[in-house]
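Remarks on the structure that follows.
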Amino acid sequence: MELIVVVGFLKRRNNPAMTIPAELVQRLATAKSVTVLTGAGVSAESGVPTFRDAQTGLWAKYSPEELATPRAFRRNPRLVWEWYEWRRNLVAGAKPNPAHLALVEMQNLFLRFHLITQNVDGLHQRAGSRHVIELHGNITRTICFEEGTIVSTWKDTGDVPPKCPACGGLLRPDVVWFEEPMPEEEMQEAMTASTHCDFFFSVGTSTVVYPAAALPSEALRSGATVVEINPQPTPLTPQAHYALAGAAGVVLPELVMALKASRLA
Ligand code: OAD
């Protein structure tokens, strides 16, 4: 399975006022198994630009699909390394936001809780989420382009990108690029978590990059209640049982508060 983007038609619809529907809270309060899929929107409030908004300043003239491919790396490894270095620095200076923290609280409220992320920034883990299923790798790790092995230290020889100390190959970030295979174990785990849950949340993702974008549909097909949290409509919006049109950093803490209140009542 490869990473591909399908940009579909986005249907606008009247989104509900940003109060969590009481019926949703009531049903969620009795759920045993909850799975959450997150995307770049969850880190937006930490100051990490979403993938498709990331092209500002120096990088405005490149499209992400042009930079995040093995072909782009072969063509111009320095350019791709420098782009990721810019993103790595952004991430290093970012802090988890209320959306990440609310998801940490959620993991303690359900018998079974799975967090799947397309984000490569590690902010869920820094917030305190346990066992995050990373579908697209992690920008803070580096691997050898030739051998795929994780490389933690290398000599600064001034080469950009730096070279693998073992084989002399070029180093690259440990992320999944377009046209590359998905990590099998993570994908399998994500699929199982999506098809065996009572509630499935799709948060801050445009649901256009496959195969991750198929997970909400798999959850729907398996009978889960699907909730989307995103200020903008996506291809998932018309199919979701609930579409909460707001920022993840506002909606998720509200949801957790309502859930705790309903359990106490
Ligand atoms: P996108 O950049 O495609 O979409 C971000 C989504 O977040 C959009 O739908 C926004 O409306 C929404 N959004 C923005 N601010 C938000 C907020 N405060 N709260 C909630 N939602 C908000 O990012 P992804 O869907 O994550 O892969 O993209 C998927 C993958 O595409 C990325 O993981 C990346 C790229 O290929 C890799 O880098 C390997």
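Some observations on this one:
- Stretching Arg78 away from Arg221 to a fully extended chain increases their span by 47.1 nm, per 0.36 nm per residue minus the current alpha-carbon distance.
- Two-decimal Rg to Rh for the range 110-264 - Kirkwood Rh, Cα set: 1.06
- Kirkwood-based shape ratio for the range 117-202, expressed as Rg/Rh from alpha carbons: 1.07
- Between Arg263 and Thr19, the FRET efficiency estimated from the beta carbon spacing at R0 = 22 angstrom works out to 0.75.
- Using θ = phi - 60° in the Karplus curve 6.51 cos²θ - 1.76 cosθ + 1.60, the 3J(HN,Hα) couplings for the range 62-79 round to 10, 8, x, 5, 7, 9, 9, 9, x, 5, 4, 5, 5, 6, 8, x, 5, 4 Hz; x is entered for Gly and Pro.
- With every protein chain in place, the range 135-265: carbon and sulfur % of accessible area (1.4 Å): 53
- Ranked packing of 255-265, 198-208, 87-97, most packed first, by mean Cβ within 10 Å: 198-208, 87-97, 255-265
- The Rg/Rh ratio for the range 48-151, using Cα coordinates for both the radius of gyration and the Kirkwood hydrodynamic radius, is 1.02.
- Under 21 Å from Lys163, Cα to Cα: lysines that are on another chain or at least 8 residues apart: Lys155
- Simple rule: put +1 on each Lys or Arg Cβ and -1 on each Asp or Glu Cβ in the chain, find the dipole, and look at Phe200, Asn230, Thr50; the Cα lying farthest toward the positive end is Asn230.
- Taking the convex hull of Cα positions in the chain, its mean projected area over all directions (nm²): 14.3
- Figure legend: label point modelled 7 angstrom from the Cα of Cys167 along Cα→Cβ; residues of the range 120-142 with amide N under 19 Å from it are 141-142.
- Under 13 Å from the Cα of Lys32 - aspartates and glutamates, other chains or at least 8 residues apart: Asp198
- Legend: P(r) of the range 83-126 from all alpha carbon pair distances, 10 Å bins from 0, whole percents, reading 24, 48, 21, 7, 0.
- Charged-residue dipole, Cβ positions (Lys, Arg, Asp, Glu), the chain about Cα centre, Debye nearest 20: 520
- Put a dot 7 Å past the Cα of Asp159, heading toward its Cβ, do the same for Trp86, and the two dots end up 2.4 nm apart.
- Sequentially through the range 198-208, phi angles give Karplus couplings (6.51, -1.76, 1.60; θ = phi - 60°) of 7, 10, 10, 10, 10, 10, x, 10, 6, 6, 10 Hz, Gly and Pro residues having no value and appearing as x.
The values are calculated or read from the model by the stated rules, or taken from the named source; none is laboratory data. All of these numbers come straight from a predicted model, not from anything done at the bench. Methodologically, a virtual Cβ is constructed for each residue, glycine included, from the backbone with ideal geometry; neighbour enumeration extends over all protein chains shown. Heads up: the accessible areas ignore ligands, DNA and RNA and are worked out on the full protein's heavy atoms, side chains in. Shrake-Rupley method; radii C 1.70, N 1.55, O 1.52, S 1.80 Å.
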